[in-house]
Ligand code: GTQ
């Protein structure tokens, strides 16, 4: 059989084109070319800590929190990915926030989920969430669930810095969800609980009730239970990580890996939209790829992550991101510990998650 002549590019008559345009209609064979291209130029990228540090120091000198315009009122340097204006990825936002001694980042609440991962902390640097002061010690991870009031108060004598991780691009850009922000009437919300209260509600021994007075579902309501305010102390997490490294086999792609669980369910993901892992790497991992985004913060050590043809060389406190569907693997120099952040729960919720080895 003779080969088919390639068809001529399909063209509508000018009249048809005009008719559709006048009626705000477009043919699918045009429309479909635009799908998946709204977020152009997502590249593997790394932000080195020395550059972040210089930048957060400079804005701390120039901009007191009290002078910030209405809005979030947070002094934050935000890693921004190529081709995207306001975040490291199309779903997950990462920022580096500072609060100087004596300053308060005023109380507000919002529909986006948030967490703090402490970089430079102290006993006297407190994030106040849902009535409790949580001390921010180095590498502690503290949740700020949807709609919980939160302010950050530095009663210490050193500037505190931490990572903010939120699902802002997903909520504000993709879902275009409005009315998701409210300021508290006070800069500092009243502290109504003693330290350790939220741990007492969601720790290993906890009150035996179906639903708590604050409306946050109790432990027996399945996987949709809302994430509570909670502090994962690094001391405990590191100990657990060491136990894994001493006793278990590493995951081929993630090394010795721990998931931060939602204390309400005892299962990951920590938030419906974002999942977090502490990963201890001792050896080169196997390459794989998946459609969810991975972002990382380097807790300890140094090494490289290979992403397609790129090599991201990282050391302590760097932040880097791996775009969807890029083949990647980690190659630590000796031992390293990473905080892994991913939007995988969103993909899983709708049966879109896919992962493979090359
Ligand atoms: O500390 O509440 O980086 O509301 C962005 C938005 C931090 C916060 C951010 C926020 C916060």
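At a glance:
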| read-out | value |
| --- | --- |
| Strands (runs of 3 or more DSSP E) contained entirely in segment 243-358, each with at least 3 residues that are closer than 28 Å to residue 113 by Cα and in contact (Cβ under 8 Å) with a residue 60 or more places away in the chain | 275-281, 294-307, 319-322, 328-342 |
| Residue that is more than 21 Å from the chain's Cα centre (by Cα) and either assigned to a loop (DSSP other than H, G, I, E, B) or under 26 Å from residue 342 (Cβ atoms) (or both), where the choices are 195, 201 | 195 |
| Number of the exception - residue 102 against (1) more than 16 Å from the ligand (Cβ to nearest atom); (2) in contact with a strand residue (DSSP E or B) (Cβ under 9 Å, 6 or more places away or on another chain); (3) within 25 Å of residue 319 (Cα to Cα) | (3) |
| One residue from 116, 109 being touching a strand residue (DSSP E or B) at 6+ places or on another chain (Cβ under 6 Å), on the phi < 0 side of the Ramachandran plot and in contact (Cβ under 8 Å) with a residue 60 or more places away in the chain | 109 |
| Pair list, Cβ < 8 Å and 6+ apart or interchain, from segment 121-138 residues that are under 15 Å from residue 234 (Cβ atoms) and in contact (Cβ under 8 Å) with a residue 24 or more places away in the chain to residues that are within 16 Å of the ligand (Cβ to nearest atom) and outside any strand (DSSP E or B) | 121/140; 134/140; 134/229; 135/121; 136/121; 137/121; 138/121 |
| Residue, farthest from residue 299 (Cα to Cα), within segment 175-192, restricted to residues that are over 25 Å from the mean Cα position of the chain (by Cα) and without any contact (Cβ under 8 Å) to a residue 60 or more places away in the chain | 185 |
| Set 66, 77, 58: member being at pLDDT 90 or above, touching a helix residue (DSSP H, G or I) at 6+ places or on another chain (Cβ under 7 Å) and under 30 Å from residue 98 (Cα atoms) | 77 |
| Residue in segment 162-174 that is over 30 Å from residue 61 (Cβ atoms), loosely packed, with under 15 Cβ neighbours inside 10 Å and touching a residue at least 24 places away in the same chain (Cβ under 8 Å) present | yes |
| Single match in 95, 83 (criterion: modelled with pLDDT of 95 or more and either more than 15 Å from the ligand (Cβ to nearest atom) or surrounded by 14 or more Cβ atoms within 10 Å (Cβ to Cβ) (or both)) | 95 |
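The values are calculated or read from the model by the stated rules, or taken from the named source; none is laboratory data. Bear in mind the structure is a predicted one, so any value in this text is a computation, not a measurement. Here the Cβ is made from the backbone with ideal geometry for all residues, glycine too, and neighbour counts use every protein chain on show.
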